[in-house]
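The values are calculated or read from the model by the stated rules, or taken from the named source; none is laboratory data. Since we're looking at a predicted model, the values are computed, not measured. Methodologically, a virtual Cβ is constructed for each residue, glycine included, from the backbone with ideal geometry; neighbour enumeration extends over all protein chains shown. With ligands, DNA and RNA removed, areas are computed over all heavy atoms of the protein, side chains included. Shrake-Rupley method; radii C 1.70, N 1.55, O 1.52, S 1.80 Å.
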Amino acid sequence: MPLLLPLLLPLHGIGGRQDLPIPFGLAVGGAAVAIALSFVILGFAWRNPKYRGNASGKPLPEAITRTVDSSGFRWFVRIVGLAIFLYAMVALMFGVDRLTNPIFGFIYILVWVGLVPISLLLGPVWRTLNPLRTLHLLLSKALRQPPSKGLFELSPRLGLWPAALGIFAFTWLELVAPDRATLPVLQGWLALYVVITMFGAILFGDRWFSTADPFEVYATLMARLSPWGRRTDGSLVIRRPLENLDGLKAQPGLVGMVAALLGSTAYDGFSNSTAWIGWAQNTDYSMTTLGTLALICFILFVLVTYSSATLLAGRLSSSSRTALPGLFAHSVVPIAFGYVVAHYLTLLILEGQRTLIYLSDPLSNGANIFGTGLLGLNTSITNHSTAIAVIQVLAVVGGHLMGVISAHDRAVALFPRHKALAGQLPLLVVMVGYTVGGLLLLFSA
């Protein structure tokens, strides 16, 4: 994430290929073998679907469900989210235009990266925390109309495509846009985001948030990796690993959304490589133009390779259906999660602390509101580069292993039993390619 220059660039140097306890080539080869071996083991040991998606789960005590569903608790969470948002807006609107302004770390780190651990630990909580949802709900109550009511009906064909475009727009801002760590650029982007999101909610009702808000859709996808969920009968439940993920329904734009998440993270690693930086600086084209084209290419590469693999899987298993890319898209979510952990874990730990310190002084004028500036920055993680490098490899490989398991369970549910294994071969090839490519990009600097 080369956005808060020069504070954040050194973080990608923590945990390089030279820090691995084994040769890098052996690590990459071992990762590819592990993915392929897991496919073989699953083929013999997992012959019937085991996941039941949204119909599964062990119910939590009824008192917990009543508390979570209570109006008082939900309004408490909404007010907390809105208060944090308004406090951060003080820094956005009135803070100084320098890197000590906490709004940069708040948006790029605490919100964008922090959504992942929050969603993993607490489930789809962002739906309630989302400050724009709360503002729309308050507006609806003031106008005495249900928040689901809009001026027009939202076409189901639209699906998640608006959110996928929003993810592209944000990652372009984060990774490509010139002067992205300056207040005017961030103010302009956030103004467009707020206007488009709120105007869409007025036109189509609150369903617009779950369709078009890139942060909410992203958090909802990551929450599918959480053990917490809601059963079809309304009960809050705890589920086995990956069973929550099986409940993700195929819809238009879902493949585009996961391709945007995975492709943009892969581009992040590529854009930090010395080969790319050296080549791009010696061309006649601007870094913005080249970065934009490269980001689009990475997203399209994931979209095309994944879609082609699933369609070929259907042909090999005599189950050719154009809906197959969407039916298997849930298997890409843990891969995207693994990439996020590998790329941004140290960033979240180190710069997350710095952002919290800066938040005590939102105007950057020396007024320490909460006293957090006295805590100091704990940088001891930088002393464990070998452990970080190992975690990065395990995150990438672990994400792909979870993807293979999810895809296999869906394949044995959709394909004829005698052709289910052959049908998965294209997906296996693509996932092995993603694993190798992901590790090469991660350790390319």
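Tabulated data
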| read-out | value |
| --- | --- |
| Test: residue in the range 406-428 that is open to solvent by 20 Å² or more (accessible area, probe 1.4 Å), part of a loop (DSSP other than H, G, I, E, B) and either in contact with a Gly (Cβ under 9 Å, 6 or more places away or on another chain) or of a type in the set (F, W, Y) (or both) | yes |
| G159 vs. criteria in contact with a Pro (Cβ under 6 Å, 6 or more places away or on another chain) and not in a helix (DSSP H, G or I) | yes |
| Of residues in the range 280-305 being at pLDDT below 90 and either assigned to a helix (DSSP H, G or I) or under 20 Å from G437 (Cβ atoms) (or both), the one nearest to the chain's Cα centre (by Cα) | A280 |
| Qualifying position, being part of a loop (DSSP other than H, G, I, E, B) and open to solvent by 40 Å² or more (accessible area, probe 1.4 Å), among V96, V80 | V96 |
| Residue in the range 313-329 that is nearest to H400 (Cα to Cα), counting only those that are of a type in the set (A, V, I, L, M, F, W, C), under 27 Å from the mean Cα position of the chain (by Cα) and assigned to a helix (DSSP H, G or I) | A329 |
| Subset of the range 30-68 that is without any contact (Cβ under 8 Å) to a residue 60 or more places away in the chain and under 28 Å from the mean Cα position of the chain (by Cα) - its residue that is least open to solvent (accessible area, probe 1.4 Å) | G30 |
| Segments classed as helices (runs of 4 or more DSSP H), wholly inside the range 169-236, with at least 1 members that are at pLDDT 95 or above, within 27 Å of C297 (Cα to Cα) and charged (D, E, K, R) | 214-223 |
| Counted residues, the range 175-184 - those being under 18 Å from A91 (Cβ atoms), in contact (Cβ under 8 Å) with a residue 12 or more places away in the chain and not β-branched (V, I, T) | 4 |
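Residues checked against (1) open to solvent by 50 Å² or more (accessible area, probe 1.4 Å); (2) on the phi > 0 side of the Ramachandran plot:
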position	(1), (2)
G234	no, yes
L242	no, yes
G253	no, yes
M257	no, no
D268	no, no
T274	yes, no
G278	no, no
